[in-house]
Amino acid sequence: MAQGRNALIAEVARVLEEVVGVSLAGGLDRALETGLGEAASALGEDPAALARRVSAREPDAVAALVDHALVGETAFWRHPAQLAAVGRLAARASGPLSIWCAGCATGEEAYSVAMALLEAGRGGRVDRILGTDLSERALAAAREGVYGRRALRRLPDDVARRWMEGAGEERRVCAAARASVSFARHNLAAEPAPAARPFDLVLCRNVLIYFEPRTAAAVLYGLADALRPGGALVLGPVELPLARALSLDWVVDGDATLLVRPR
């Protein structure tokens, strides 16, 4: 029985990797099994029945699994040195900025960038920040802009006072920070960059680590191609070695490294 369950989970992982480009095999088998159970519960199905539908690549089954298995842990103000570099880059720009937060999950990344721009004095500059993710469930939460203590645990108190509303267990991103941010569904592994390209800044942090190497390389080339000349790509610090094959300049700014497309 256990062997049959393991084979089913392995098949579901294979389908996810083929359709979405994300690998949840090996050490993440337990997370995939949990996500499958949650997706099945939401649909009122038996997990094994849903796994068979995923194996058959039924769109609604795959979408349900994505919504419950691929929304990773995220939070506001991750890698503050990178956000500080983003703020300095924004402060030097004269016109409106076009920014893409790829794999934004439930929106904390995109809103953190919006706050960093406001902290840099960009209010009223009509900057545009597009957050994209594969999960419609995550995007719905992002559009609400309401977050609990865990998501806010790294946000500096003074920044929170300026750009969050409310008190208690949940707080909402204020209107000024929400105004520049929009969200859309996008599959990094299978779709070209959003039509809003080229971008002045692309952030894709702690996303590539979930892709198998060939997919990660293809995604990286797509991210670099979405930049306008002089635009910068920001990856998670552990993902920087993956970008060595790209024709981008490595620019050290404080404690952060930006990958800049040559002009």
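The values are calculated or read from the model by the stated rules, or taken from the named source; none is laboratory data. The model shown is predicted, which means the values in this text are computed figures rather than measured ones. FYI the Cβ positions are ideal-geometry reconstructions off the backbone, even for glycines, and counts take in every protein chain you see. In case anyone asks, the SASA skips ligands and DNA or RNA and just uses the protein heavy atoms, side chains included. Shrake-Rupley method; radii C 1.70, N 1.55, O 1.52, S 1.80 Å.
Residues of the stretch 91-110 being touching a Ser or Thr at 6+ places or on another chain (Cβ under 6 Å) and modelled with pLDDT of 95 or more, which ones?
Within the stretch 91-110, 102, 108 qualify.
Answer yes if at least one residue in the stretch 167-175 is more than 18 Å from residue 80 (Cα to Cα), surrounded by 14 or more Cβ atoms within 10 Å (Cβ to Cβ) and hydrophobic (A, V, I, L, M, F, W, C), and no otherwise.
yes
Go through the stretch 176-226 and give me each residue that's among the aromatic types (Phe, Trp, Tyr) and either within 18 Å of residue 66 (Cβ to Cβ) or in a helix (DSSP H, G or I) (or both).
Residues satisfying the conditions are 183, 210, 211, 221.
Which of the numbered conditions does residue 226 fail, given that it passes all the others? Conditions: (1) of a type outside the set (S, T, N, Q); (2) exposed (fewer than 15 other Cβ atoms within 10 Å of the Cβ); (3) within 24 Å of residue 249 (Cβ to Cβ).
Condition (2) is where residue 226 drops out.
Does at least one position in the stretch 239-253 carry a residue that is modelled with pLDDT of 95 or more, open to solvent by less than 60 Å² (accessible area, probe 1.4 Å) and under 16 Å from residue 112 (Cβ atoms)?
Within the stretch 239-253, none of the residues are modelled with pLDDT of 95 or more, open to solvent by less than 60 Å² (accessible area, probe 1.4 Å) and under 16 Å from residue 112 (Cβ atoms).
Quick one: residue 214 ticks every box in (1) among the basic types (Lys, Arg); (2) touching a residue at least 12 places away in the same chain (Cβ under 8 Å); (3) more than 22 Å from residue 92 (Cβ to Cβ) bar one, so which box is it?
Tallying (1) among the basic types (Lys, Arg); (2) touching a residue at least 12 places away in the same chain (Cβ under 8 Å); (3) more than 22 Å from residue 92 (Cβ to Cβ), residue 214 fails exactly one: (2).
Within the stretch 17-36, is there a residue that is at pLDDT 80 or above, farther than 20 Å from residue 187 by Cβ, assigned to a helix (DSSP H, G or I) and among the small types (Gly, Ala, Ser)?
no
Which one of the conditions (1) of a type in the set (A, V, I, L, M, F, W, C); (2) over 27 Å from residue 263 (Cα atoms); (3) buried (at least 18 other Cβ atoms within 10 Å of the Cβ); (4) without any contact (Cβ under 8 Å) to a residue 60 or more places away in the chain does residue 220 fail to meet, given that it meets all the rest?
It fails just one condition, (2).
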